[in-house]
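The values are calculated or read from the model by the stated rules, or taken from the named source; none is laboratory data. These numbers were taken from a predicted model, which means no experiment stands behind them. Cβ: placed from backbone, ideal geometry, glycine included. Neighbour counts: every protein chain shown.
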Amino acid sequence: MDDLKPSATLALNARVRKLRADGRKIIDLGIGEPDFDTPAAVKEAGKRAIDENKSHYTPSAGTLELRKAICAKFSRENNLDYAIDAVMASNGAKQVLYNLFMATLSAGDEVIVLLPYWFTYADQIKLAGGKPVFVQSKEDFQPDLNKIRAAVTGRTRMIVLNSPSNPCGVVYSREALIEIGELAVEKNFLIASDEVYEKIVYPPAVHHSIAALDKRFFDRTITINALSKSHAMTGWRLGYVGGPREVIKAMDDIQGQTTSNPSSITQGAAVEALANEQPEIPLMVKEFAQRRELVCAALEKMGVKVVKPSGAFYVFADFSPFFNGVSDSVGFCEFLLEKAGVALVPGNPFGMPNYARVSFASSRQNLAQAMDAVAAAVR
Ligand SMILES: Cc1ncc(COP(=O)(O)O)c(C=O)c1O
């Protein structure tokens with residue numbers, strides 16, 4: 001427990017709540033979830049599940065109907081053909097990841113994590129007895145294959161990929177994914193591919209599932225997804241996964257002895273979400289695209305060097321030229337909270353202390369006000 005860090009964003013939320021309670025107006029750009037409603041048809045399916053008394057235990061991995069919908073979704077949208085016993089559902093992608101690390105890591109096993117990374121990976125790997133090995137990405141946040149290769153040892157068990165990425169929005173190129181896949185085959189390690197932001201991608205970027213690029217990659221990849229970000233359903237808690245049968249079986253055994261099935265009501269809603277087009281999703285992505293332009297333009301005007309995100313709803317930028325009397329992003333974000341009344345997440349927990357994450361899961365009006373306040377504060 002001494003090694004486990006509490007979630008950085010949850011800590012920030014508590015601080016924002018306290019300042020608001022003291023009467024301060026705070027614009028929170030630390031948000032990690034879409035500020036949109038769950039699609040209407042999905043809400044109706046959830047209500048139907050209640051009315052039809054779908055209120056009993058289901059198989060730990062999810063109902064047969066849901067697992068069929070997961071298989072069909074992977075096949076239709078990702079070109080991945082998983083058998084029914086090679087997929088399962090959990091309480092969000094977070095539980096999928098936890099099950100995965102618990103199922104596959106022995107004490108001292110190493111897992112390559114690319115910087116900047118979503119902090120939960122590191123803490124969950126440690127909880128499972130493993131050791132995260134951090135590898136810096138290139139300046140445009142694409143993976144640096146030479147550095148990844150240099151980090152591989154006899155203990156390397158897995159690499160974690162997250163494209164589109166939280167916190168930097170990078171979408172890995174097909175070429176980079178193929179290079180990583182080939183290395184995983186050569187050195188015999190697993191690939192965990194967290195694709196929860198796959199639907200939030202800005203053209204010309206294209207999302208590729210690494211498991212679909214080569215049969216040999218498919219055989220060693222665990223593809224992780226969730227309704228949380230794609231369908232604005234964070235609170236419903238529905239993650240899902242496809243992978244090698246024996247890995248999924250082990251993950252299901254862990255889930256069966258811990259939480260059992262995700263909520264039966266949520267599963268009813270999830271079948272609708274996965275089986276049918278939801279017209280609200282492209283509208284949400286269109287709105288995110290406009291906000292991305294607004295935030296990137298405002299940051300550039302301030303003199304911040306921006307790598308424009310190709311996916312997700314975050315800009316991860318280097319604010320160190322503004323560090324004046326503070327040593328890192330934690331101090332800088334404190335300063336912004338005090339001076340500008342704007343909350344950003346410092347880059348430290350993502351492994352890059354010169355950076356901060358700006359979420360654009362907030363209205364354009366809020367974003368414009370926040371960017372003005374940040375610009376005035378740094379001036
Ligand atoms: C990259 C990434 N993976 C997984 C998750 C967890 O998603 P869920 O809410 O489905 O557990 C998040 C949530 O912030 C995330 O950013």
Exercise. Do we find that GLU293 is of a type outside the set (A, V, I, L, M, F, W, C), in the same structural domain as ALA184 (by TED's automatic domain parsing) and either free of Cβ contacts under 8 Å to residues at least 24 places away in the same chain or crowded, with 20+ Cβ neighbours inside 10 Å (or both) in this structure?
Worked result: no
Seminar exercise, completed: Only one of (1) touching a strand residue (DSSP E or B) at 6+ places or on another chain (Cβ under 7 Å); (2) without any contact (Cβ under 8 Å) to a residue 24 or more places away in the chain; (3) in the same structural domain as VAL171 (by TED's automatic domain parsing) does not apply to ALA192, and that is (2)
Seminar exercise, completed: Heads up, the strands (runs of 3 or more DSSP E) in region 103-185 (entirely inside) with at least 3 residues that are within 17 Å of the chain's Cα centre (by Cα) are 110-115, 156-162
For this session: Evaluate the following for ALA61: is it in contact with a strand residue (DSSP E or B) (Cβ under 9 Å, 6 or more places away or on another chain), buried (at least 16 other Cβ atoms within 10 Å of the Cβ) and at pLDDT 95 or above?
Result: yes
For this session: For region 318-327, state whether one or more residues are free of Cβ contacts under 8 Å to residues at least 12 places away in the same chain and among the polar types (S, T, N, Q).
Result: yes
Problem set entry | Lone qualifier among ARG149, ARG76 - being more than 20 Å from ASN261 (Cβ to Cβ) and touching a residue at least 24 places away in the same chain (Cβ under 8 Å) | ARG149
Exercise. Out of the residues in region 186-206 that are within 25 Å of VAL345 (Cα to Cα) and not aliphatic (A, V, I, L, M), which is farthest from the chain's Cα centre (by Cα)?
Worked result: TYR202
Problem set entry | ALA89 being in the same structural domain as ALA270 (by TED's automatic domain parsing), of a type in the set (Gly, Ala, Ser), part of a helix (DSSP H, G or I) and within 16 Å of the ligand (Cβ to nearest atom) | no
Problem set entry | Residues of region 345-375 satisfying the condition of being aliphatic (A, V, I, L, M) and in contact with a Leu (Cβ under 8 Å, 6 or more places away or on another chain) | VAL345, MET352, ALA356, VAL358, LEU367, ALA368, ALA370, MET371, VAL374
For this session: State yes or no: is GLY331 part of a loop (DSSP other than H, G, I, E, B), without any contact (Cβ under 8 Å) to a residue 12 or more places away in the chain, within 18 Å of TYR355 (Cα to Cα) and not assigned by TED's automatic domain parsing to the domain that holds LYS54?
Result: no
Exercise. Within region 29-78, which residues are more than 16 Å from the ligand (Cβ to nearest atom) and among the β-branched types (Val, Ile, Thr)?
Worked result: ILE50, THR58, THR63
Problem set entry | Hits in region 302-334 - residues which are away from the ligand (no atom under 16 Å from the Cβ) and of a type in the set (Gly, Ala, Ser) | GLY303, ALA317, SER320, GLY325, SER327, SER329, GLY331
Seminar exercise, completed: Of the listed residues (LYS131, LYS94), the one being within 16 Å of LEU4 (Cα to Cα) and within 16 Å of the ligand (Cβ to nearest atom) is LYS94
Exercise. For region 161-184, how many residues are more than 16 Å from the ligand (Cβ to nearest atom), buried (at least 23 other Cβ atoms within 10 Å of the Cβ) and either basic (Lys, Arg) or under 30 Å from ILE31 (Cα atoms) (or both)?
Worked result: 1
